[in-house]
1. Of the residues in region 102-123, how many are outside any loop (DSSP other than H, G, I, E, B) and open to solvent by 100 Å² or more (accessible area, probe 1.4 Å)?
2. Determine if region 66-83 includes at least one residue that is touching a helix residue (DSSP H, G or I) at 6+ places or on another chain (Cβ under 6 Å) and farther than 30 Å from Ala21 by Cα.
3. When Asn126 is evaluated against the numbered criteria (1) of a type outside the set (Ser, Thr, Tyr); (2) loosely packed, with under 10 Cβ neighbours inside 10 Å; (3) in a loop (DSSP other than H, G, I, E, B), which criterion, by number, is the only one it fails?
4. Working only within region 18-72, note down all residues that are among the basic types (Lys, Arg) and either farther than 30 Å from Ile103 by Cα or surrounded by 11 or more Cβ atoms within 10 Å (Cβ to Cβ) (or both).
5. Specify the residue that is farthest from the chain's Cα centre (by Cα); the eligible residues are those in region 76-100 that are closer than 23 Å to Val114 by Cβ and open to solvent by less than 90 Å² (accessible area, probe 1.4 Å).
Amino acid sequence: FQIVDHATHAKAGAMVQNANARIADLEAKRTSITVPILEAKRAVDALFNPVTGPLKQAVVILKSKIGMYEITQRQLQERAMQHAAAAIQAGQPQQAVAHVAAIAPAAPIQGITVKPWWNYEVIDENAVPRAYCSPDHAKIMAALPNAMHGNKVTPQIPGLRIFLDSSVTARKAK
């Protein structure tokens, strides 16, 4: 479908409005079915939440503690290996064995997997290298003038191509 003149433009508008009317009818039928189902689900959830809520909190706390324990054990193992390597270089193999034997890895827990990964926390925004910074969409959009209020001047922001875009809203056909 091509919009090439006023007639096809008007026809496209009518098509959108008719489609919106059909969507509204279908949505009304869908919600007449789903609303009672969702209300029943909420009632079931309300019965179980008093028990599952605290259990979920306990799981979060315990997982955090398991993770911290394993990270601590890993760090202790790394330090022990460094001390063992230094003892070997110093010609003290017995002391190296003692360092390694002192820190045994945590026994795996059946059904529990701990995957270490690196994370970060910003402690000084100004020190973060620019290569790790992303443009702030909300700030950029706030800097752009509202085209509907007669501002025809395209703003300039280095590194961005600013262009006029549009969105179309349509009511359903009556």
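The values are calculated or read from the model by the stated rules, or taken from the named source; none is laboratory data. Since the structure is predicted, the reported quantities are computational estimates derived from the model, not experimental observations. Every residue, glycine as well, gets a Cβ built from its backbone with ideal geometry; the counts of neighbours run over all protein chains shown. Only protein heavy atoms, including side chains, enter the accessible area calculation; ligands, DNA and RNA are left aside. Shrake-Rupley method; radii C 1.70, N 1.55, O 1.52, S 1.80 Å.
1. 0
2. Yes.
3. Of (1) of a type outside the set (Ser, Thr, Tyr); (2) loosely packed, with under 10 Cβ neighbours inside 10 Å; (3) in a loop (DSSP other than H, G, I, E, B), only one is false for Asn126: (3).
4. Matches in region 18-72: Arg22, Lys29, Arg30, Lys41, Arg42, Lys56, Lys63.
5. Val100
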